[in-house]
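Accompanying notes for the structure given below.
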Amino acid sequence: MRETEWVPSGIDTWTPNGARIYDYMLGGHDNYPADRAAADRMLQSNPAAPRTAMANRDFLGRVVSHLAGEVGITQFLDVGSGLPTQRNVHEVAQESNRDARIVYVDRDPTVIRHSQALLERHGVRNAIAFEGDLRSPGRILTHPNITGFLDFNRPVAVLLVAILHFVSDEEDAHGIVRRLASVLVPGSHLVISHTTDESPPDVMEAAQQGFRLAGSPLTPRSRAGISRFFTGFDLLEPGLVDVRDWRPALRTDQAWPSGWTIAGGVGARP
Ligand SMILES: C[S@@+](CC[C@H](N)C(=O)[O-])C[C@H]1O[C@@H](n2cnc3c(N)ncnc32)[C@H](O)[C@@H]1O
């Protein structure tokens, strides 16, 4: 957002913020000088970071399109949904099925206010947004907004896209995913993208420093550690891969600069 535009009351624009850094990398306008300065520091060591952020966002779009279209999923729980941008989950899912229901959850009040404003402005049916923290999965699952909105007796796709790397092992990231997965009936899906530990050290150091200052310390994980989140799910083809390689719409031979690697995958509950 440009400074002349709406700033939700009570929002601290002086401290860098993880959701707004990501928004800046995606070319969005819901960010402030502190966010841009933090992002620019990351870009110095990794000028390709915006492309990685966009590749992650494109992965999300392709996955939701596949789940809502080919698989026929009608319910989505998107935790760590981020600031509304292009091709939001409800837009993609409702292209395939206008009755698809989407719940956006994010711990950042700015994200939720912007999401609610967008849904209201466009008169979107069947999508809601509320504040919640992934680290308290029980509270999300029993939140009155959810229990009246999603039917967990039917398949639900849980989207944890570029969020689990903000949850440390001490905070029991794997236990949190197990808790969310415990309510999913067969036919449900789990979607994860996650920063891997394969990126060059200077790139990771800059990203970790930037996100630490933004109050969201980053925990890159190995592919084995990320795969473990899918315990109890069957990974769809092509498995856990660089997000660019998950069923790409267009095959490109263009060389991709090495840098920040995000792996993504989709698991189906058998
Ligand atoms: C990088 S953005 C990803 C947005 C979107 N999922 C995507 O991939 O395009 C990460 C989002 O996760 C949110 N987030 C980080 N930690 C969280 C937590 N513990 N609970 C809920 N949301 C969280 C941030 O506020 C931010 O909006």
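The values are calculated or read from the model by the stated rules, or taken from the named source; none is laboratory data. Model, not experiment: these values are computed from the prediction. Don't worry about glycine lacking a Cβ; one is built from the backbone with ideal geometry, like all the others, and counts go over all protein chains shown. Areas reflect the complete protein model, heavy atoms only, side chains present, ligands, DNA and RNA absent. Shrake-Rupley method; radii C 1.70, N 1.55, O 1.52, S 1.80 Å.
What tally of residues in the stretch 89-102 results from selecting those that are more than 9 Å from the ligand (Cβ to nearest atom) and open to solvent by less than 20 Å² (accessible area, probe 1.4 Å)?
So the first thing to find is which residues in the stretch 89-102 are more than 9 Å from the ligand (Cβ to nearest atom), and the list is 90-102.
This time we only want the ones that are open to solvent by less than 20 Å² (accessible area, probe 1.4 Å), so: 90, 92-93, 100, 102.
Residues that pass the stated criteria total 5.
The residue that is modelled with the lowest pLDDT, among those in the stretch 246-255 that are open to solvent by 70 Å² or more (accessible area, probe 1.4 Å) and of a type outside the set (S, T, N, Q), is Asp253. Looking at Ser188, Ser193, Ser216, Ser258, just one residue is in contact with a Phe, Trp or Tyr (Cβ under 9 Å, 6 or more places away or on another chain), at pLDDT below 90 and not charged (D, E, K, R), and that residue is Ser216. Of the numbered criteria (1) of a type in the set (Ser, Thr, Tyr); (2) farther than 20 Å from Gly259 by Cβ; (3) modelled with pLDDT of 90 or more, the one Thr110 fails is (3). Only helices (runs of 4 or more DSSP H) whose full extent lies in the stretch 103-184 are considered here, and the ones with at least 1 residues that are within 14 Å of the ligand (Cβ to nearest atom), within 20 Å of Thr85 (Cβ to Cβ) and open to solvent by less than 50 Å² (accessible area, probe 1.4 Å) are 109-121. The single condition among (1) open to solvent by 10 Å² or more (accessible area, probe 1.4 Å); (2) of a type outside the set (Asp, Glu); (3) closer than 18 Å to Val243 by Cα; (4) more than 12 Å from the ligand (Cβ to nearest atom) that Gly82 does not meet is (4).
Output the number of residues of the stretch 59-89 satisfying the condition of being in a loop (DSSP other than H, G, I, E, B) and hydrophobic (A, V, I, L, M, F, W, C). Even if it seems obvious, please write down each step before you answer.
Within the stretch 59-89, the first condition is being in a loop (DSSP other than H, G, I, E, B), and the residues that meet it are 72-74, 80-88.
If we keep only those that are hydrophobic (A, V, I, L, M, F, W, C) too, we end up with 73, 83.
Qualifying residue count, the stretch 59-89: 2.
Could you list, in sequence order, all residues of the stretch 203-227 that are open to solvent by 20 Å² or more (accessible area, probe 1.4 Å), part of a helix (DSSP H, G or I) and within 15 Å of the ligand (Cβ to nearest atom)? Those that are open to solvent by 20 Å² or more (accessible area, probe 1.4 Å), part of a helix (DSSP H, G or I) and within 15 Å of the ligand (Cβ to nearest atom): Gln208, Arg212, Leu213.
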